[in-house]
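Worksheet for the structure shown next.
The values are calculated or read from the model by the stated rules, or taken from the named source; none is laboratory data. Owing to the predicted nature of the structure, the values given are computational and were not obtained by experimental measurement. Virtual Cβ from ideal backbone geometry, glycine too; neighbours counted across all protein chains shown. Remember, those area values only see protein heavy atoms, side chains included, never the ligands or the DNA or RNA. Shrake-Rupley method; radii C 1.70, N 1.55, O 1.52, S 1.80 Å.
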Amino acid sequence: VRDTTAPVVRAEPWRRTSGLHKVHRPSDLAVVRAVWHGRDAAAAAADIAPGRLLSDAAIIAMALSPARAPAELRAIPELAQRVSRRHVDQWVRAALAARELPADALPEARVRGTGLPAPRQWEARNPEAHARLSEIKVRLADLSQEVAVPVENLMTPELVRRVMWEAPASDTDLETLLVTGAARP
C-alpha cells in the first residue's frame, strides 16, 4: 500500500509544454525550461496568456535547433510571429544561457511519476486497491442510475482512483478526502 504520509511532488509546470515529448537531451530541456520561464514572466508582466507571446511550438523549435549563434536562433521560422519578434532577444538570451549551464544544473531527462499507477497495473501492484476499485465502480454506477446523475458528476474518476488506492483508515479520513476532492454529498 502506498505511503500516504509522503509529500506529493508536482511536476514542474514547464514540463507541460506541448511537444516536450520530442525533447530528450537535458541540455535541450534546459532551453525549454529557461525560455518557458522567460515567456511566463513576460506574459505575467503584460497580463496576457503566455502562448500569445510565444507558442509552445516555438519553444520546442528553439530547444531542438542546432543553432548556437544569436542570429541563427532569431531565424527560426516559429519565431516569425509579430508578438514573438518583439521579445526575440529575450528568448535568444534565455536559450543561450541555458546552453551554458553545467551538467549538474540541467533538468533530468525523465521525471519519476508521482501520481497513481494506471488502473490496469493495480491488480499486480496493489490487489486490495484493485478489488476496491472494481467494487466501487459497480456501486457508483448503481447510485448514478438511482439519483439520475452521471457517475463523473458524483465523483471525478481521479478522486475515485485516489480514494480506492489510499484506502482511508477511518470514516473521518474518508470524509476529508471526499470533501477536499469535491465529491457530491
Q) Name the pairs whose Cβ atoms lie under 9 Å apart, with the first residue in region 153-170 and part of a loop (DSSP other than H, G, I, E, B), the second among the small types (Gly, Ala, Ser), and 6 or more positions between them or separate chains? A) MET155/GLY181; MET155/ALA182; MET155/ALA183; THR156/GLY181; THR156/ALA182; THR156/ALA183; ALA167/ALA129
Q.
Among the residues of region 104-120, are any modelled with pLDDT under 95, over 22 Å from HIS24 (Cα atoms) and either open to solvent by less than 40 Å² (accessible area, probe 1.4 Å) or over 25 Å from the mean Cα position of the chain (by Cα) (or both)?
A. yes
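Residues are listed down the side, and each one gets a yes or a no for (1) small (Gly, Ala, Ser); (2) under 21 Å from GLU123 (Cα atoms); (3) out of contact with any Asp or Glu (no Cβ under 9 Å at 6 or more places or on another chain):
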| site | (1), (2), (3) |
| --- | --- |
| ASP142 | no, no, yes |
| VAL147 | no, no, yes |
| GLU152 | no, no, yes |
| MET155 | no, no, yes |
| TRP165 | no, yes, yes |
| GLY181 | yes, no, no |
Q.
If the requirement is being closer than 30 Å to VAL160 by Cβ and either of a type in the set (Lys, Arg) or modelled with pLDDT of 90 or more (or both), which of these qualifies: ALA129, ALA58?
A. ALA129
Q: May I ask you to list the residues in region 66-96 that are touching a helix residue (DSSP H, G or I) at 6+ places or on another chain (Cβ under 6 Å), open to solvent by 50 Å² or more (accessible area, probe 1.4 Å) and more than 19 Å from GLY19 (Cα to Cα)?
A: PRO70, ARG74, GLN90
Q) When ARG110 is evaluated against the numbered criteria (1) free of Cβ contacts under 8 Å to residues at least 24 places away in the same chain; (2) within 30 Å of TRP14 (Cβ to Cβ); (3) in a helix (DSSP H, G or I), which criterion, by number, is the only one it fails? A) (3)
(Q) For region 15-33, which positions are open to solvent by less than 40 Å² (accessible area, probe 1.4 Å) and under 20 Å from GLN81 (Cα atoms)? (A) THR17, GLY19, VAL31, VAL32
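For every residue, the table says whether it meets (1) within 20 Å of GLU128 (Cβ to Cβ); (2) open to solvent by 30 Å² or more (accessible area, probe 1.4 Å); (3) within 27 Å of the chain's Cα centre (by Cα); (4) of a type outside the set (Phe, Trp, Tyr).
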{"residue": "LEU143", "(1), (2), (3), (4)": "no, yes, no, yes"}
{"residue": "GLU146", "(1), (2), (3), (4)": "no, yes, no, yes"}
{"residue": "MET155", "(1), (2), (3), (4)": "yes, no, yes, yes"}
{"residue": "ARG162", "(1), (2), (3), (4)": "yes, yes, yes, yes"}
{"residue": "TRP165", "(1), (2), (3), (4)": "yes, no, yes, no"}
{"residue": "GLY181", "(1), (2), (3), (4)": "no, no, yes, yes"}
{"residue": "PRO185", "(1), (2), (3), (4)": "no, yes, no, yes"}
Q.
Can you list residue pairs whose Cβ atoms sit under 7 Å apart, with the first residue in region 78-104 being more than 20 Å from ALA57 (Cβ to Cβ) and the second being surrounded by 15 or more Cβ atoms within 10 Å (Cβ to Cβ)? Count only pairs 6 or more apart in sequence or on different chains.
A. ALA97/ALA34; LEU101/ALA30
Q | Cβ-Cβ under 6 Å pairs, at least 6 apart or on other chains, region 9-29 side in contact (Cβ under 8 Å) with a residue 24 or more places away in the chain and assigned to a loop (DSSP other than H, G, I, E, B), far side of a type in the set (Gly, Ala, Ser) and open to solvent by less than 70 Å² (accessible area, probe 1.4 Å) | A | VAL23/ALA63
Q: Could you grab me the full set of residues in region 136-152 that are part of a loop (DSSP other than H, G, I, E, B) and touching a residue at least 12 places away in the same chain (Cβ under 8 Å)?
A: VAL149
